Amino acid sequence: MHDFKYKNGELYCEDVKVRDAAAKAGTPFYLYSHHTLVDHFTKIKTAFAPVSPLICFAMKSNDNLAVLKTLKDLGAGFDIVSGGELKKALRTGVDAGKIVFASVGKTEEEIVDAIRSGILLFNVESLPELEEINRLAGALNTRPRVALRINPDVEALTHVKITTGTLKNKFGIDLKTARKILRAANRYPHVSLSGLHIHIGSQITTRAPFIRALTKVIAFLDVLKKDGVRLEYLDIGGGMGIIYKDEKPQTAQDFAAAVLSRLRKTGLKIIMEPGRFIAGNAGILVARVLYLKDNSFKKFLIVDAGMNDLIRPALYDAYHEIVPVVETKARKTKMDIVGPICESGDFFAKDRQFPILKNGDLVAIMSAGAYGYVMASNYNMRGRPPEVMVKGNCFEITKDRETFEDLIRGETIPAFLQ
Ligand code: LLP
């Protein structure tokens with residue numbers, strides 16, 4: 001599942017002691033395993049080999065350049081959601097023809113940049129957006145490919161904040177509107193209406209919602225076929241869940257076994273957009289213990305990482321396993337593991353049985369490789385932490401810790417206040 005393991009009582013990432021990486025990077029910091037990324041990517045690639053999908057890594061989950069380059073070198077494309085992600089993806093040298101672009105609010109500048117770059121597909125989320133892409137493509141004298149992101153109105157059975165596939169959500173186009181658009185394709189002469197896209201949510205651990213959504217899409221494809229609509233691509237999105245605690249998510253192999261024959265029957269080129277499945281368990285957040293505080297009602301282990309570094313527990317009540325970097329026989333007791341930020345939501349664990357560590361000890365917050373660093377902020381004027389990648393027995397800081405100068409750049413006191 002991942003390459004963070006104890007050897008002789010010490011947590012390693014592949015063949016590197018987490019403690020050694022901490023000595024170089026300082027704490028807190030994110031640590032990624034190259035091998036785990038490769039392993040997870042390969043699991044999907046192998047399981048879905050019969051339909052040779054284009055696997056577009058959802059770079060919103062982790063956009064570290066070393067992570068992206070690792071996946072690009074394995075043949076991945078990228079699922080992007082902004083002009084910034086487009087530019088960063090291109091930095092890896094990826095072929096723009098392997099980039100798909102979703103987002104409910106693409107701006108004119110983002111659309112033009114993506115058209116000029118020659119991306120594979122715009123995953124279009126509304127009729128006005130389609131009209132805008134058509135208009136801009138006309139002005140540029142090009143004809144980009146477009147897939148309609150359809151909203152299959154299916155519950156993903158996951159956290160409410162990461163459910164995207166019901167009509168209560170802002171994402172995608174309802175089937176009736178999508179059919180109307182595709183039947184009147186000649187109204188949009190500057191785009192090639194080439195496919196359908198779905199993405200129903202994230203951290204989905206059972207296969208039922210995927211099957212329900214796919215069944216709807218396939219029935220819809222049949223309707224379209226009768227309408228005389230010809231398509232080339234089917235993008236089935238991301239969303240495969242991972243193990244944070246005791247989940248038993250479907251494996252890539254299980255998922256493939258359940259959907260391959262249906263996918264093959266469509267005759268379409270298949271695109272997938274996994275994020276968390278590839279990056280989630282390939283990264284940890286390492287923090288140092290500052291204090292153990294006992295207010296006679298409760299114990300709090302205060303560490304030097306905060307909700308600004310990893311917001312998932314605060315935002316989604318997400319569970320992350322936490323382990324000491326050096327194994328200890330210290331007595332375990334119930335405590336909250338918290339950061340230094342001035343909010344009660346600044347916690348990593350509540351009422352967790354955890355050993356009584358000392359000031360200076362290191363802890364690893366597991367499964368932080370997806371939606372970790374990318375959601376970090378500068379709240380409380382804290383620089384975002386460095387990111388480190390391990391490959392075998394080598395490691396390198398791939399992104400520096402933000403300094404005070406980085407944080408204050410571009411900020412001035414107005415003349416009228418001087
Ligand atoms: N494709 C689209 C269009 C998406 O919106 C997403 C994620 C993905 C693919 C990748 O989904 P994944 O395979 O990673 O589940 N911040 C939240 C997760 C937000 C997911 C947003 N969309 C969290 O920390 O749980």
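Rule-based calculations on the coordinates, nothing more; no lab input. Since the model is a prediction, treat every value here as computed from it, not as a measurement. Here Cβ is always computed from backbone atoms with ideal geometry, including for glycine, and neighbour counts include all displayed protein chains.
So how far apart, in nm, are the two label points at Ile397 and Thr166 if each is 7 Å from Cα heading toward Cβ?
Going from the Ile397 label point to the Thr166 one covers 4.6 nm.
Once you've got the Cα coordinates, tell me which of Lys170/Lys299; Lys176/Lys265; Lys5/Lys358; Lys88/Lys176; Lys248/Lys334 are over 32 Å apart.
Those over the limit are Lys170/Lys299; Lys88/Lys176.
Compute the relative contact order of the range 95-274 as a whole-number percentage, counting only Cα pairs closer than 8 Å that sit 6 or more residues apart in sequence.
Computed over the range 95-274, the figure is 19 percent.
Ratio of Rg to Rh for the range 1-93, alpha carbon only, Kirkwood?
Radius of gyration over Kirkwood radius for the range 1-93 works out to 1.04.
Provide the percentage of antiparallel DSSP beta bridges, counting only those with both residues in the chain; round to the nearest 5.
50
Which whole-number percent of Cα pairs in the range 131-205 have a distance greater than 17 Å?
51
Round to the nearest 10 and give me the degree value, 0 to 90, for the angle of helix 208-227's Cα axis relative to the longest principal axis of the chain.
Approximately 20 degrees, to the nearest 10.
In whole Å, what three semi-axes, largest first, describe the equivalent ellipsoid of the chain built from its Cα gyration tensor (square root of 5 times each eigenvalue)?
Those come to 40, 24, 20 Å.
Quick check: Cα centre of the range 354-373 to Cα centre of the range 89-144, how many Å?
Distance between centres, Cα-based: 39 Å.
What are the semi-axes of the equivalent ellipsoid of the range 95-274, taken as the square roots of 5 times the eigenvalues of the Cα gyration tensor, listed largest first and rounded to whole Å?
28, 18, 15
With r defined as the distance between the Cβ atoms of Ala258 and Arg143 and R0 fixed at 35 Å, what FRET efficiency is calculated, to the nearest 0.05?
With a Förster radius of 35 Å, E is 0.45.
Report, in degrees rounded to the nearest 10, the 0 to 90 angle that the Cα long axis of helix 34-47 makes with the longest principal axis of the chain.
30
Using alpha-carbon pairs under 8 Å, 6+ residues apart, how would you state the relative contact order of the chain in percent?
20
Ala49 to Asp73: FRET efficiency via 1/(1 + (r/R0)^6), r the Cβ-Cβ distance, R0 22 Å, to the nearest 0.05?
Taking R0 as 22 Å, the efficiency between Ala49 and Asp73 is 0.75.
Which length gain, in nm to one decimal place, applies between Ala185 and Asn380 when the Cα-Cα distance is subtracted from 0.36 nm times their residue separation?
65.1 nm
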